[in-house]
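What follows is a short report on a single structure.
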Amino acid sequence: MEKIYKNCQSCGMPMKKDEKGGGTNADGTKNNKFCSYCYENGAFTKPDMTMEEMKVLVKDKLKEFGFPGFIAGLFTLNIPGLERWKK
């Protein structure tokens, strides 16, 4: 049985907030581990992005949506534990 992820394992976005319902694999099937912003056609949309760059991107996006900076920062705390960034 395939694991169901509540959040994208690259950026941490809740999967239910992804209009496309998740990224896509190389064969066009849905990928339930990564969102459509992070993963398309079986590859990361920003393959060279570092974890620190992802934290900045997520924080900036949340601020765009009206979250205060310190709250946006809290949302980035879980990024190092996501599957893409675990070494």
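Rule-based calculations on the coordinates, nothing more; no lab input. Since we're looking at a predicted model, the values are computed, not measured. With ideal geometry, Cβ positions are generated from the backbone for all residues, glycine too; neighbour counts draw on all protein chains shown.
Past 23 Å, Cα to Cα, is the threshold; run 59/86; 20/46; 63/86; 6/87; 16/87 against it and keep the listed order.
Going by Cα-Cα distance, 63/86; 16/87 fall outside the 23 Å limit.
Looking at segment 10-83, which trypsin sites (Lys or Arg not before Pro) are in a loop (DSSP not H, G, I, E or B) and have at most 13 other Cβ atoms within 10 Å?
Those that pass, being in a loop and sparsely packed, are 20.
State, as an integer percentage, the relative contact order of the chain based on alpha-carbon contacts under 8 Å between residues 6 or more apart.
About 26 percent, as a whole number.
Straight-line reach from residue 30: which aspartates and glutamates have Cα under 15 Å away, leaving out those fewer than 8 places along the same chain?
Counting by Cα, and skipping residues close in sequence, residue 30 has these aspartates and glutamates nearby: 2, 18, 19, 40.
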